[in-house]
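Chemist: The structure under discussion is supplied below as structure tokens; questions concerning it will follow.
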Amino acid sequence: MTADSTADAPLETLPDLLAPGLDLVFVGINPGERSARRGHYYGHPGNAFWRMLGTSPLVGRAVTCEDDASLGQPAGEVDSLRIGFTDVVKRVLTDSTGITAAELAASAPPFRARIAAARPRAVCFTSTRAFEAVFPKAWRANGWGRQKVPPLEGAAVWVMPSPSGRAAAYHGRTAEVLADLDRSLRGTRASAPTRGH
């Protein structure tokens, strides 16, 4: 295989970072090429996701894309939340406008199955387009936060503005959404009955 043919080979998609016991799963449309090359979610340097997550009470410490897998692991802190990652469409493509409506619709059932297997307490879509693929016609303009839709395989459904640099005008709302999401998750955890093993 030549160097040129290696460069033209399709990039391998990002693995789902899903497992039972997660508190929250962030959901994108599809992995971008920069993220796929780095092997981590939201890996493009122009993407504000990790900066916004790190300053939120969900994590409360500086994090980078290299922390994506470790955030789903049980931590020593009693109040830490377990966070996973996936995308509705698993095809690698930098410009998500290249993902067709038909591809989104075809990807929704396998996505739902992945969420059903993991059973997180909440999912947060990181774009309205990903949300609309799973809940057609449910989006209302600037309706960030918890959505008034049926739970997604048992998970409360949230939407935050896209962390992409192209959506920078909406990034101010993200801090509010993540703080509300943190309060919701910690509140439901505190009120949940203790389960035996």
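The values are calculated or read from the model by the stated rules, or taken from the named source; none is laboratory data. What you are looking at is a predicted structure, and each value in this text was computed from that prediction instead of being measured. Here the Cβ is made from the backbone with ideal geometry for all residues, glycine too, and neighbour counts use every protein chain on show.
Chemist: Please tell me if GLY145 is closer than 21 Å to ARG82 by Cβ, free of Cβ contacts under 8 Å to residues at least 40 places away in the same chain and surrounded by fewer than 22 Cβ atoms within 10 Å (Cβ to Cβ).
Modeler: Criteria not met by GLY145.
Chemist: Can you tell me which residues in the range 12-43 are crowded, with 17+ Cβ neighbours inside 10 Å, touching a residue at least 60 places away in the same chain (Cβ under 8 Å), farther than 23 Å from PRO120 by Cα and of a type outside the set (Lys, Arg)?
Modeler: Of everything in the range 12-43, just one residue is crowded, with 17+ Cβ neighbours inside 10 Å, touching a residue at least 60 places away in the same chain (Cβ under 8 Å), farther than 23 Å from PRO120 by Cα and of a type outside the set (Lys, Arg), namely GLY32.
Chemist: Could you please let me know if SER107 is at pLDDT below 90 and over 12 Å from the mean Cα position of the chain (by Cα)? Walk me through how you get there before you give the answer.
Modeler: On the way: at pLDDT below 90: no; over 12 Å from the mean Cα position of the chain (by Cα): yes.
When the stated conditions are applied, SER107 does not pass them.
Chemist: Turning to a different aspect of this structure: Are any of the residues in the range 137-151 at pLDDT 95 or above, assigned to a strand (DSSP E or B) and in contact with a helix residue (DSSP H, G or I) (Cβ under 9 Å, 6 or more places away or on another chain)?
Modeler: Checked against the condition, which is being at pLDDT 95 or above, assigned to a strand (DSSP E or B) and in contact with a helix residue (DSSP H, G or I) (Cβ under 9 Å, 6 or more places away or on another chain), the range 137-151 yields at least one hit.
Chemist: So, in the range 118-136, exactly how many residues are under 19 Å from LEU178 (Cα atoms) and either in a loop (DSSP other than H, G, I, E, B) or modelled with pLDDT of 95 or more (or both)?
Modeler: 9
Chemist: Answer yes if at least one residue in the range 70-78 is touching a residue at least 12 places away in the same chain (Cβ under 8 Å) and in contact with a Leu (Cβ under 6 Å, 6 or more places away or on another chain), and no otherwise.
Modeler: Yes: one or more hits.
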